[in-house]
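Asks: Take this structure first; my questions come after.
All of the numbers you see were taken from the coordinates with simple rules; none came from a lab. Fair warning: this is a prediction, and the values are worked out from it, not measured in the lab. Positions of Cβ are generated from backbone atoms using ideal geometry, with glycine treated the same way; all protein chains shown enter the neighbour counts.
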Amino acid sequence: MEVRSTAKIYLATPWFNPEQKERVGKASNLLSCNPTVAVVHFPFDYQYKDATIDNQDGVFGSLEWQVATYQNDLSAMGTSDCGVFLYDLDNVDDGTAFEIGYMRSMGKPAIVVTFSHKEDVKVNLMIARGATAFIDGDTDLEQLASYDFNHFPSNPVCTHEVF
């Protein structure tokens, strides 16, 4: 079977602390090495008017920025083949949960990569049953380099207990 670089990945994660930001770099590098991946779209690389928490310049957080950011993310998800979600179970982010649901509502695969430093963490059933595949980011993040994004094999076994 021929391997082709065809998949456009929507890479989503909370982006609120250094650990979350570091994960994105690792995941993005692994996805870039994957022979089935053509494009990795990370929304924070495409900020409206380059507005960020570090470059607010009057627009960051404004209604204009909010609407543009929301629309840009919906467009990117709509043109992506699937989503890879770096899901921080210690700091659950509503935005990432929304993106998983939105991707699934379009019938697109959601690869959920879980992270936690806690022993007893649980995953909400809406995330646990909505994912196409789970990867334990704490032990198996390297799977992103070999996952077959041409065929999206299912792995519906959640990495943590479900509630």
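Asks: For residue 146 and residue 75, FRET efficiency with R0 = 30 Å and r from the beta-carbon atoms, rounded to 0.05?
Replies: Working: r = 29 Å, r/R0 = 0.96.
Using R0 = 30 Å, I get an efficiency of 0.55.
Asks: Additional query: Whole-Hz Karplus ³J(HN,Hα) for region 151-163, in order, using 6.51 cos²θ - 1.76 cosθ + 1.60 and θ = phi - 60°, x for Gly and Pro?
Replies: So the J values, rounded to whole Hz, are 10, 6, x, 6, 9, x, 7, 5, 6, 9, 4, 10, 10.
Asks: Among (i) 10, 40, 35, 13, 1, 0; (ii) 10, 34, 28, 10, 6, 6, 5, 2, 0; (iii) 10, 34, 31, 18, 7, 0, which is the computed P(r) over Cα pairs in 10 Å bins from 0, in percent?
Replies: Recomputing P(r) over Cα pairs in 10 Å bins from 0, in percent here picks out (i).
Asks: So, one more: Using a Förster radius of 35 Å, what is the FRET efficiency between residue 54 and residue 32 based on their Cβ-Cβ separation? Nearest 0.05, please.
Replies: 0.90
Asks: Using helices alone, what [θ] at 222 nm do you get for the chain, with -39,500 (n - 2.57) per DSSP H run of 4 or more residues, divided over all residues and rounded to the nearest 500?
Replies: Details: 5 runs with 53 residues, N = 163.
Calculated from helices alone, the mean residue ellipticity at 222 nm is -9500 deg cm²/dmol.
Asks: Right, something else. Between 84, 103, 59, whose Cα lies farthest towards the positive end of the dipole of the chain when Lys and Arg beta carbons carry +1 and Asp and Glu beta carbons carry -1, centred on the Cα centre?
Replies: Working it through, the farthest residue towards the positive pole turns out to be 103.
Asks: Further, regarding this structure: Multiply the residue separation of residue 155 and residue 44 by 0.36 nm, subtract the distance between their alpha-carbon atoms, and state the gained length in nm to one decimal. List each step's numbers first, then the result.
Replies: Details: separation 111, 0.36 × 111 = 39.96 nm, distance 2.78 nm.
Contour length minus Cα-Cα distance gives 37.2 nm.
Asks: At 7 Å along the Cα-to-beta-carbon direction for both residue 105 and residue 4, put a label point, then send me their distance in nm to one decimal.
Replies: 3.1
Asks: Also, quick follow-up: Less than 18 Å from a label point 7 Å out along the Cα-to-Cβ axis of residue 163: which backbone N atoms in region 124-140 qualify, by residue?
Replies: 124-130
Asks: Which whole-Hz couplings ³J(HN,Hα) result when phi for each residue of region 86-91 is put into the Karplus expression 6.51 cos²θ - 1.76 cosθ + 1.60, θ = phi - 60°, listed in order with x for Gly and Pro?
Replies: Each residue of region 86-91 in turn: 7, 9, 7, 6, 7, 9 Hz.
Asks: Scan the chain and note any complete DSSP helix (H) whose C-alpha atoms cover at least 20 Å along its axis and whose Kyte-Doolittle average is -0.5 or more. Walk me through the numbers on the way to the answer.
Replies: On the way: long enough: 18-33 (23 Å, -0.86); 63-79 (24 Å, -0.29).
Span-like helices here: 63-79.
Asks: Within the chain, how many lysine pairs that are 8 or more places apart, or on different chains, have C-alpha atoms less than 29 Å apart?
Replies: 14
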